[in-house]
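Undergrad: Here it is: the structure, laid out below.
Taken together, the values in this text are just the output of simple stated rules run on the coordinates, not laboratory data. From a predicted model like this one, the values you see are computed outputs, not experimental measurements. Cβ coordinates were reconstructed from backbone atoms using ideal geometry, including for glycine residues, and neighbour counts include every protein chain displayed.
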Amino acid sequence: MELQQLRIGNLRLIEQLELDLSPGWNLFLGANGAGKTSVLEAAFLLSHGRSFRTAVKEALIRRGSDGYSVFGEIRRQDGAVERVGISRTGSRLDARLNGDAVTAAELMRHAAVVCFEPGSHELIAGPSEERRRFLDWGVFHVEHDFLPVWRRYQRVLKQRNALLRSDPGEHALDLWDQELAEAAAPLTAMRAAYFQRFAPLAVALMSDFLGELGPATVYFQPGSNPDHSLAELLAAQRGRDIARGHTGSGPHRADWALSFANAPRKDQLSRGQEKLCAFACVMAQSQLFAQVSGEWPVLCFDDLASEVDREHQARILSAIEAYRPQVLATATHEPSSFEQLGNRITRFHVEQGRVTRLL
């Protein structure tokens, strides 16, 4: 998958930008605050419908504007070209595919962009919500029935939680316990099946980058005790759920974790090691996407050199170049490790939201 062109309007510092991209490495150079990351953010929006930097939607809109827009031209592995676009005005989000209005979910099936950035260590050290979101993006692109299954579970969960807060009678939750268990089963099965394919890829990459930590293990946590049915757990924990006003077990509590022989707890990892683990996970997810779809997603790397030493930078670049995907990367100054990429780099200078291609 190659993002041939990117058009951005009123996104952060960028007022209007039309950018022709190269199939190899596209390196955006400039000072902090110049708008480099906003280019990556625009590509990410086409794939996720949200920013990797903030959950505040209004923060994306350029000051003085009432909304933003991002349009991209994607060339697929078979040579077909698709036009994708997303725009927001106020609370309204519009998605376009080849000029036609589509749902945001449909748009995201046609644009695949993954990102490694300075906050990526949160994938390892942060809350479980980050890891569920990461996992579900991968499942979404493998299991075409994932979204309706996920939505059904969320709907039943919301209804059960509302009932928990309304002082239900002794048997008022019987039906909702069963409904939630039935909705949970296919969701957990999809996640577990995906993770079974993801885990060996991630473990292999972690062994390459963090061999000093010993063998790695990556494991899925479904959000409930697998030795008991969810319906049984919900019935047993009903009193606690009523007291707390929310459901304590189920796929909404799912997580995944990793450990190493020489660092069994994640709090034993340094920030740099967390980032290398996160990179291994991003690459493993990209590899699995390529196995399923036949093409690589677009890779975005925001400030790749941040807290990663030169030796590991070189190993990261070698791992990426083995597959020759399209890459969008940013830096304040070009890292010396990029010398190994040779003529695969197209450079751009970014200043105050304006982007100039360098010769």
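Undergrad: Just from its helices, what would the mean residue ellipticity at 222 nm be for the chain, if runs of 4 or more DSSP H residues each count -39500 (n - 2.57) and the sum is divided by every residue, rounded to the nearest 500 deg cm²/dmol?
TA: Computed mean residue ellipticity for the chain: -13000 deg cm²/dmol.
Undergrad: Moving on to the next point. For the range 241-359, what class follows from the C-alpha gyration tensor (a ≥ b ≥ c being the square roots of its eigenvalues): rounded when a/c is under 1.5, otherwise prolate if a/b is larger than b/c, else oblate? Could you put the intermediate results ahead of the total?
TA: Numbers: a/c = 1.98, a/b = 1.82, b/c = 1.09.
Note, shape of the range 241-359 comes out prolate.
Undergrad: Moving on. Based on the Cβ-Cβ distance from S128 to E295, what FRET efficiency comes out when R0 is 30 Å, to the nearest 0.05?
TA: Plugging the Cβ-Cβ distance into 1/(1 + (r/R0)^6) gives 0.50.
Undergrad: Residues of the range 140-180 with backbone nitrogen within less than 12 Å of a virtual label 7 Å along the Cα-to-Cβ line of R240, please, listed as ranges.
TA: Inside the label zone: nothing.
Undergrad: What does the charge count around T37 come to, taking other residues whose C-beta lies under 11 Å from its C-beta (Lys +1, Arg +1, Asp -1, Glu -1)? Walk me through the intermediate numbers first.
TA: Numbers: positive: R12, K36, R53; negative: E41, E117, D302, D303.
Charge balance in the 11 Å sphere: -1.
Undergrad: So, one more: Treating the angle as unsigned and between 0 and 90°, give the value, to the nearest 10°, between the Cα long axis of helix 310-321 and the longest Cα principal axis of the chain.
TA: Once rounded, one gets 80 degrees.
Undergrad: Another question about this same structure. What per residue convex hull volume, in Å³, comes out for the chain when only alpha-carbon positions are used?
TA: 149 Å³
Undergrad: Continuing with the same structure: Sort the following peptides by mean Cβ neighbour count (other Cβ atoms within 10 Å, averaged over residues), highest first: 277-284, 127-134, 314-321.
TA: Packing proxy ranking, top to bottom: 277-284, 314-321, 127-134.
Undergrad: Give the calculated FRET efficiency between E18 and R165 to the nearest 0.05, with a Förster radius of 45 Å applied to their Cβ-Cβ distance.
TA: Rounded to the nearest 0.05, the efficiency is 0.35.
Undergrad: For the pair A55 and E334, how long in nm is the line joining their label points, each one 7 Å along Cα→Cβ?
TA: Distance between the two pseudo-spin positions: 4.0 nm.
Undergrad: Still on this structure, I have one more. Output the 0 to 90 degree angle, nearest 10, between the alpha-carbon long axis of helix 128-142 and the longest principal axis computed from the alpha carbons of the chain.
TA: 80 degrees
Undergrad: In nanometres, what is the gap between the two model label sites at S65 and T89, each 7 Å from Cα along Cα-to-Cβ?
TA: So the two model labels end up 1.4 nm from each other.
Undergrad: I've got another one for you. Under a point spin-label approximation (7 Å from Cα along Cα-to-Cβ), what is the L359-R152 distance to one decimal in nm?
TA: About 6.1 nm, to one decimal.
Undergrad: Explain nothing, just compute: Karplus ³J(HN,Hα) = 6.51 cos²θ - 1.76 cosθ + 1.60, θ = phi - 60°, for every residue of the range 75-92 in order, whole Hz, x for Gly and Pro.
TA: Once rounded to whole Hz, the list reads 9, 8, 4, 7, x, 5, 10, 10, 10, 10, x, 9, 8, 10, 10, x, 8, 8.
Undergrad: First measure r as the distance between the Cβ atoms of A319 and D78, then evaluate 1/(1 + (r/R0)^6) with R0 = 30 Å and state the FRET efficiency to the nearest 0.05.
TA: Approximately 0.70, to the nearest 0.05.
Undergrad: Further question: Give me the angle, in degrees from 0 to 90, between the Cα long axis of helix 146-164 and the longest principal axis of the Cα atoms of the chain, rounded to the nearest 10.
TA: Roughly 50 degrees, rounded to the nearest 10.
Undergrad: Take every DSSP beta bridge whose two residues both sit in the chain, then give the antiparallel share in percent to the nearest 5.
TA: For the chain, the DSSP antiparallel bridge percentage is about 70.
Undergrad: Next question, about the same structure. Highest mean first, what order results for 78-89, 137-148 on Cβ atoms within 10 Å?
TA: Ranked by mean Cβ neighbours within 10 Å, highest first: 137-148, 78-89.
Undergrad: Per-residue HN-Hα couplings for the range 327-336, Karplus 6.51 cos²θ - 1.76 cosθ + 1.60 at θ = phi - 60°, whole Hz, x for Gly and Pro?
TA: Each residue's phi maps through the Karplus curve to give 10, 10, 9, 10, 6, 6, 9, 5, x, 4 Hz.
Undergrad: Please build a GNM for the chain, connecting alpha carbons under 10 Å apart, and tell me which residue among D302, D136, D66 fluctuates the most.
TA: Answer for the Gaussian network model of the chain: D66.
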